[in-house]
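Colleague: Please read through the structure below; I'll follow up with questions.
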Amino acid sequence: MRRWFILAALVVSALVLAAVGAAADPGNGKGKGKGHQFSAKGGKITLQVTTTDHGCSFRPWATDKLSRTFKVRKNANGSFTVRREDKGTFATLAGPSPSADPCPGVTRRGKHGTTLLAGITGKLHGYLQGTVTGGTFNPSGTCTAECTSSDFIKGFFTAGSTFTCSQGYAGCRFSFEYTAQRQHTQKLKYHHWVDRGTNGVSEILIGDIATS
């Protein structure tokens with residue numbers, strides 16, 4: 001659930017994160033190393049990551065294995081547009097479904113369930129996009145193994161940089177879609193879930209992934 005990234009980032013920003021392993025190799029000095037192409041004006045990097053996904057009330061509901069791409073573009077006013085694109089698979093954890101009650105602070109549409117069995121599998125894709133101001137881009141930066149959006153900003157932008165998606169909904173757009181195939185074989189009551197925030201004001205959850 002991407003809203004909780006926004007809220008948690010306000011807390012995480014006060015912590016010191018060690019840059020490790022999944023770093024971009026500066027390569028030939030022009031920001032072109034294995035898996036990425038970066039210059040002072042931006043570029044992109046793709047990483048393979050494993051991360052825990054969260055639903056309502058920041059409850060963990062799945063483990064995601066993703067191909068995660070960050071794209072950076074310098075704007076005419078000196079700011080940078082940063083876009084994260086995720087594509088991969090998920091495997092559920094036993095417990096409440098991602099849209100189950102309680103679910104404060106968001107708008108829910110469609111039907112939702114209550115619980116999930118462990119081991120339900122499916123596919124997901126989505127993006128999160130915002131703007132960085134108050135800093136410069138470091139094409140030779142590093143990131144953590146999970147490389148969340150907040151980790152990427154810390155690793156590839158200078159101190160004092162501000163990312164709109166770490167401040168709230170304004171100036172941040174995101175949409176993530178989850179589908180569990182073979183819903184009858186996997187004995188699912190609901191098999192499709194969307195987590196979206198595209199209006200700069202609120203977050204909308206559509207449907208659910210649930211066994212009951």
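Colleague: Which of the residues that make up the range 83-105 are more than 13 Å from Asp64 (Cα to Cα) and surrounded by 18 or more Cβ atoms within 10 Å (Cβ to Cβ)?
Modeller: Applying the first criterion (more than 13 Å from Asp64 (Cα to Cα)) to the range 83-105 yields 83-85, 94-105.
Passing the criteria: Arg84, Pro96, Ser97, Pro98, Ser99, Ala100, Cys103.
Colleague: Then there's this: When both residues are 6+ apart or on different chains and their Cβ atoms are under 8 Å apart, which pairs have a first residue that lies in the range 190-206 and is part of a loop (DSSP other than H, G, I, E, B), and a second that is hydroxyl-bearing (Ser, Thr, Tyr)?
Modeller: Every condition considered, the pairs that remain are Thr198/Ser175; Asn199/Tyr169; Gly200/Tyr169; Val201/Tyr169; Ser202/Thr107; Ser202/Tyr169; Glu203/Thr107; Glu203/Tyr169.
Colleague: Restricting the search to the range 93-112, which residues are hydrophobic (A, V, I, L, M, F, W, C) and within 14 Å of His54 (Cβ to Cβ)?
Modeller: Within the range 93-112, the subset hydrophobic (A, V, I, L, M, F, W, C) is 93-94, 100, 103, 106.
Hits for the range 93-112 are Leu93, Ala100, Cys103, Val106.
Colleague: Tell me yes or no: at least one residue of the range 171-190 is buried (at least 20 other Cβ atoms within 10 Å of the Cβ), modelled with pLDDT under 95 and closer than 20 Å to Ser57 by Cα.
Modeller: Looking for residues that are buried (at least 20 other Cβ atoms within 10 Å of the Cβ), modelled with pLDDT under 95 and closer than 20 Å to Ser57 by Cα, one finds none in the range 171-190, hence no.
Colleague: Could you go through the range 139-149 and let me know if any residue there is part of a helix (DSSP H, G or I) and in contact (Cβ under 8 Å) with a residue 24 or more places away in the chain. Let's see the steps before the verdict.
Modeller: First pass over the range 139-149, keeping only residues part of a helix (DSSP H, G or I): 149.
Pick out the ones that are also in contact (Cβ under 8 Å) with a residue 24 or more places away in the chain and you get 149.
Looking for residues that are part of a helix (DSSP H, G or I) and in contact (Cβ under 8 Å) with a residue 24 or more places away in the chain, one finds at least one in the range 139-149, hence yes.
Colleague: Condition (residue is at pLDDT below 95, among the aliphatic types (A, V, I, L, M) and out of contact with any Pro (no Cβ under 8 Å at 6 or more places or on another chain)) applied to the range 197-212: is it met by at least one residue?
Modeller: Taking every residue of the range 197-212 in turn, at least one turns out to be at pLDDT below 95, among the aliphatic types (A, V, I, L, M) and out of contact with any Pro (no Cβ under 8 Å at 6 or more places or on another chain).
Colleague: Looking at Lys32, Lys74, can you tell me which residue is more than 23 Å from Leu124 (Cβ to Cβ), at pLDDT below 50 and charged (D, E, K, R)? Let's see the steps before the verdict.
Modeller: Working: Lys74 fails: at pLDDT below 50.
One residue alone meets the criteria, Lys32.
Colleague: Identify, by number, the condition in (1) part of a strand (DSSP E or B); (2) modelled with pLDDT of 95 or more; (3) out of contact with any helix residue (DSSP H, G or I) (no Cβ under 7 Å at 6 or more places or on another chain); (4) not hydroxyl-bearing (Ser, Thr, Tyr) that Gly43 doesn't meet.
Modeller: With respect to (1) part of a strand (DSSP E or B); (2) modelled with pLDDT of 95 or more; (3) out of contact with any helix residue (DSSP H, G or I) (no Cβ under 7 Å at 6 or more places or on another chain); (4) not hydroxyl-bearing (Ser, Thr, Tyr), Gly43 is out only on (2).
Colleague: List the residue pairs whose Cβ atoms are under 8 Å apart, where the first residue sits in the range 54-66 and is surrounded by fewer than 19 Cβ atoms within 10 Å (Cβ to Cβ), the second is of a type in the set (Phe, Trp, Tyr) and not in a strand (DSSP E or B), and the two are 6 or more positions apart or on different chains.
Modeller: Once the first residue is surrounded by fewer than 19 Cβ atoms within 10 Å (Cβ to Cβ) and sits in the range 54-66, its partners that are of a type in the set (Phe, Trp, Tyr) and not in a strand (DSSP E or B) give Phe58/Trp4.
Colleague: Given Thr162, Thr148, which one is in contact with a Ser or Thr (Cβ under 7 Å, 6 or more places away or on another chain) and among the polar types (S, T, N, Q)?
Modeller: Numbers: Thr148 fails: in contact with a Ser or Thr (Cβ under 7 Å, 6 or more places away or on another chain).
The match here is Thr162.
Colleague: In the range 175-197, which residues are under 14 Å from the mean Cα position of the chain (by Cα) and either among the charged types (D, E, K, R) or more than 21 Å from Thr92 (Cβ to Cβ) (or both)?
Modeller: Kept after step one, since they are under 14 Å from the mean Cα position of the chain (by Cα), are these residues of the range 175-197: 175-178, 194-197.
Glu177, Asp195, Arg196, Gly197 - these are the residues of the range 175-197 that are under 14 Å from the mean Cα position of the chain (by Cα) and either among the charged types (D, E, K, R) or more than 21 Å from Thr92 (Cβ to Cβ) (or both).
Colleague: In this structure, is Pro102 outside any strand (DSSP E or B), under 23 Å from Thr198 (Cβ atoms) and either among the β-branched types (Val, Ile, Thr) or modelled with pLDDT of 95 or more (or both)? Spell out how you get there, then give the answer.
Modeller: Details: outside any strand (DSSP E or B): yes; under 23 Å from Thr198 (Cβ atoms): no; either among the β-branched types (Val, Ile, Thr) or modelled with pLDDT of 95 or more (or both): yes.
So Pro102 does not fit the description; no.
Colleague: Let me ask another. Given the conditions (1) surrounded by 15 or more Cβ atoms within 10 Å (Cβ to Cβ); (2) closer than 17 Å to Trp193 by Cα, and given that Gly110 satisfies all but one, which numbered condition is not satisfied?
Modeller: Failing condition for Gly110: (1).
The values are calculated or read from the model by the stated rules, or taken from the named source; none is laboratory data. Every value quoted in this text rests on a predicted model; they were computed, and no experiment measured them. Neighbour counts are summed over all protein chains in view; Cβ atoms, including those assigned to glycine, are modelled from backbone coordinates with ideal geometry.
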